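The values are calculated or read from the model by the stated rules, or taken from the named source; none is laboratory data. These numbers come from a predicted model, not from an experiment. Every residue, glycine among them, receives a Cβ derived from its backbone with ideal geometry; neighbour counts consider all protein chains shown.
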Amino acid sequence: MRVLHDEVPDDDDFDAGRRRGEFDNITPDDLIHGADGNPPGWLDARDIERARKQMPIVYVQVVPVQTDDLGRAVRIGTLLSIDETEEEGLTGVNIGGAEGVKRTIVSGRILFHESIREAIARNISKDLGELALPQLPLALQPFTIAQYFPTPGVSECYDPRQHAVALCYVVPIAGDCKPSDETLEVEWTRPEVVASTAFLQTLENGQAIVLKRALAWLGIEE
């Protein structure tokens, strides 16, 4: 079990080795923007690999949209990103024959001690830039929940690295997107084009399912 507050832990508790008061001076900004080094609870590569083999990992996935004056979605955003691994989970397929370039949507883990709202903001900033000005949802009810399994065929959503549970949101973007991290370009496309089979086939591992559900939630028919 987890240790709550500063109670004395048992030897087999999840965070039995944690120093008392370790989180006392941590603020939400430390988890969104990073503190000196990594904040307490940050998993290094070895720890996240072990966790992925033992439990589901919680993600947020975001479908960014641009809206008109009446609040209707007029452009859907997808990412053209560098695929640095041969077997990546929440990713897409080669675009236009460009080797190593993938189409995907905004995705990222929820970090330990990070709220869902903070995770949405951090991952949008990571992929779309700090000037994207996302209009975060007032309520945190996702339009769908996608489960990615490491075994092909169990679900339409597949991630060879892990069992991932993704809370999916549509988020209007009011600012300028400047790709950061591994994102090459933010591509804005009309909803009727996104709904086409040809476009959806440019995503794989279940992200097309997430995008179709987003379109349905927006009231956009195929």
Among the residues that make up region 55-77, is at least one of them at pLDDT below 65 and either buried (at least 19 other Cβ atoms within 10 Å of the Cβ) or not aliphatic (A, V, I, L, M) (or both)? no
Give the residue, chosen from Glu49, Glu130, Glu114, that is at pLDDT below 95 and within 22 Å of Asn205 (Cβ to Cβ). Glu49
For the condition among the β-branched types (Val, Ile, Thr) and farther than 17 Å from Ala73 by Cβ, what is the one hit in Ile209, Ile124? Ile209
Failed condition for Trp217, given (1) of a type in the set (Phe, Trp, Tyr); (2) out of contact with any Ser or Thr (no Cβ under 9 Å at 6 or more places or on another chain); (3) surrounded by fewer than 18 Cβ atoms within 10 Å (Cβ to Cβ): (2)
Against the conditions (1) surrounded by fewer than 16 Cβ atoms within 10 Å (Cβ to Cβ); (2) out of contact with any Ser or Thr (no Cβ under 6 Å at 6 or more places or on another chain); (3) modelled with pLDDT of 90 or more, where does Tyr169 fall short? Just the number, please. (1)
Report, by residue number, each residue of region 186-207 that is crowded, with 17+ Cβ neighbours inside 10 Å, polar (S, T, N, Q) and outside any helix (DSSP H, G or I). Thr202, Asn205
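Yes/no matrix, rows are residues, columns are (1) part of a strand (DSSP E or B); (2) touching a Pro at 6+ places or on another chain (Cβ under 8 Å):
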{"residue": "Ala139", "(1), (2)": "no, no"}
{"residue": "Pro142", "(1), (2)": "no, no"}
{"residue": "Val154", "(1), (2)": "no, no"}
{"residue": "Arg161", "(1), (2)": "no, yes"}
{"residue": "Ala166", "(1), (2)": "yes, no"}
{"residue": "Leu184", "(1), (2)": "yes, no"}
{"residue": "Ile209", "(1), (2)": "no, no"}
{"residue": "Gly219", "(1), (2)": "no, no"}
Would you be able to say whether some residue in region 151-165 is modelled with pLDDT of 90 or more, touching a Ser or Thr at 6+ places or on another chain (Cβ under 6 Å) and among the aromatic types (Phe, Trp, Tyr)? no
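Residue-by-condition table, conditions (1) in contact with a helix residue (DSSP H, G or I) (Cβ under 8 Å, 6 or more places away or on another chain); (2) under 14 Å from Val65 (Cα atoms):
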{"position": "Arg122", "(1), (2)": "yes, no"}
{"position": "Leu131", "(1), (2)": "no, no"}
{"position": "Leu136", "(1), (2)": "yes, yes"}
{"position": "Pro152", "(1), (2)": "no, no"}
{"position": "Cys157", "(1), (2)": "yes, no"}
{"position": "Arg161", "(1), (2)": "yes, no"}
{"position": "Pro172", "(1), (2)": "no, yes"}
{"position": "Lys178", "(1), (2)": "yes, no"}
Select from region 102-137 the residues that are among the acidic types (Asp, Glu) and outside any loop (DSSP other than H, G, I, E, B) and list them in ascending order. Glu118, Asp127
